[in-house]
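The values are calculated or read from the model by the stated rules, or taken from the named source; none is laboratory data. Since this is a predicted model, take the numbers as computed values, not measurements. Note that we place each Cβ from the backbone using ideal geometry, even for glycine, and neighbour counts take in every protein chain shown.
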Amino acid sequence: MDAARVAEYLGVNPLFACLSDDERRTLAHRMRAKRYTRDEVVFHRDDAAGHLYVIVAGTVKVSLPDENGREVVVALERGGDAFGELALFDDSPRSATVTALTETEVLLLARRDFLDVLESNPQAMSRMLGLLAQMVRRSSARVEDLVFLDLPGRVAKCLLDLSEIAGERREIELTQEDLASFVGATRVSVNRVLADLEKRGAIGVGRRHITVKDAELLEKDVRY
């Protein structure tokens, strides 16, 4: 992908939409592409940071592992999304582990290159602060789901949210193990919920994907 196409691609992402065309072109010239295979770790929690990643194609999961090897999946990011944003604002270690769920291509942007452009644009800086606030709100909403929804409600809510991102196909590329991590439950208990939803005709379950067939049925299970 040449610099002109990269700059156009950046304009679709909210993180870069507040920049001018010239500023996006400047960043595009400084970004580099990288590919990851399925299940390859992009970076681990506590790794040194320094780069933002913009997904060109593919899907990654953002997870928080514990000392026993278990993990909680906190987000899935797809083509057009960015991750690792906090690295742009401080030099602290990574706060989560990111793993490619599919063949994934990303564009990397160094913190210093980003700040060079941002520091000359106070309006863009203000917009970035607003985006950070949105990230905090999303995290708060996820905590609310974990606290106030029972397991069937958490599974249904998760599938609805992810299917909206997936678009018209309503097909979610997600293993049952990853879904269990996402909703904070065991795989066995999540499998029981999925089996019930499939029996009721709300979803279809494949080897590495789940298809939402009846969103209204799922919505009935989301009860706070």
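At-a-glance table
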item	result
Those residues of region 164-181 which are modelled with pLDDT of 75 or more, part of a loop (DSSP other than H, G, I, E, B) and not β-branched (V, I, T), in sequence order	R170, L174
Region 182-224 - residue that is of a type in the set (A, V, I, L, M) and assigned to a strand (DSSP E or B) and, of those, nearest to P152 (Cα to Cα)	I203
Selection from region 83-108 of residues that are within 24 Å of E119 (Cβ to Cβ) and touching a strand residue (DSSP E or B) at 6+ places or on another chain (Cβ under 7 Å)	F83, G84, E85, A87, L88, R94, L107, L108
Selection count where residues are out of contact with any Leu (no Cβ under 9 Å at 6 or more places or on another chain) and more than 18 Å from L10 (Cβ to Cβ), scope region 51-73	8
Among the candidates R127, R94, residue that is surrounded by 15 or more Cβ atoms within 10 Å (Cβ to Cβ) and either on the phi > 0 side of the Ramachandran plot or modelled with pLDDT of 90 or more (or both)	R94
Members of region 1-29 found to be within 21 Å of V60 (Cβ to Cβ) and in a loop (DSSP other than H, G, I, E, B), listed by number	M1, V12, N13
Matching residues, region 115-163, being polar (S, T, N, Q) and within 30 Å of E23 (Cβ to Cβ)	S120, N121, Q123, S126, Q134, S139
Unmet requirement for R111, which otherwise passes all of (1) charged (D, E, K, R); (2) closer than 22 Å to D46 by Cβ; (3) in contact (Cβ under 8 Å) with a residue 60 or more places away in the chain; (4) out of contact with any Leu (no Cβ under 9 Å at 6 or more places or on another chain)	(4)
When residues of region 30-61 are limited to those that are under 16 Å from the mean Cα position of the chain (by Cα), surrounded by fewer than 19 Cβ atoms within 10 Å (Cβ to Cβ) and part of a strand (DSSP E or B), the one modelled with the highest pLDDT	V41
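For every residue, the table says whether it meets (1) farther than 28 Å from L174 by Cβ; (2) touching a strand residue (DSSP E or B) at 6+ places or on another chain (Cβ under 6 Å).
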| site | (1), (2) |
| --- | --- |
| S20 | yes, no |
| H51 | no, yes |
| V60 | no, yes |
| L64 | no, yes |
| G69 | no, no |
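Conditions tested, residue by residue: (1) closer than 22 Å to G58 by Cβ; (2) polar (S, T, N, Q); (3) surrounded by 16 or more Cβ atoms within 10 Å (Cβ to Cβ).
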residue	(1), (2), (3)
Q134	no, yes, no
E144	no, no, no
L151	no, no, yes
K157	no, no, yes
E164	yes, no, no
R170	yes, no, yes
L174	yes, no, yes
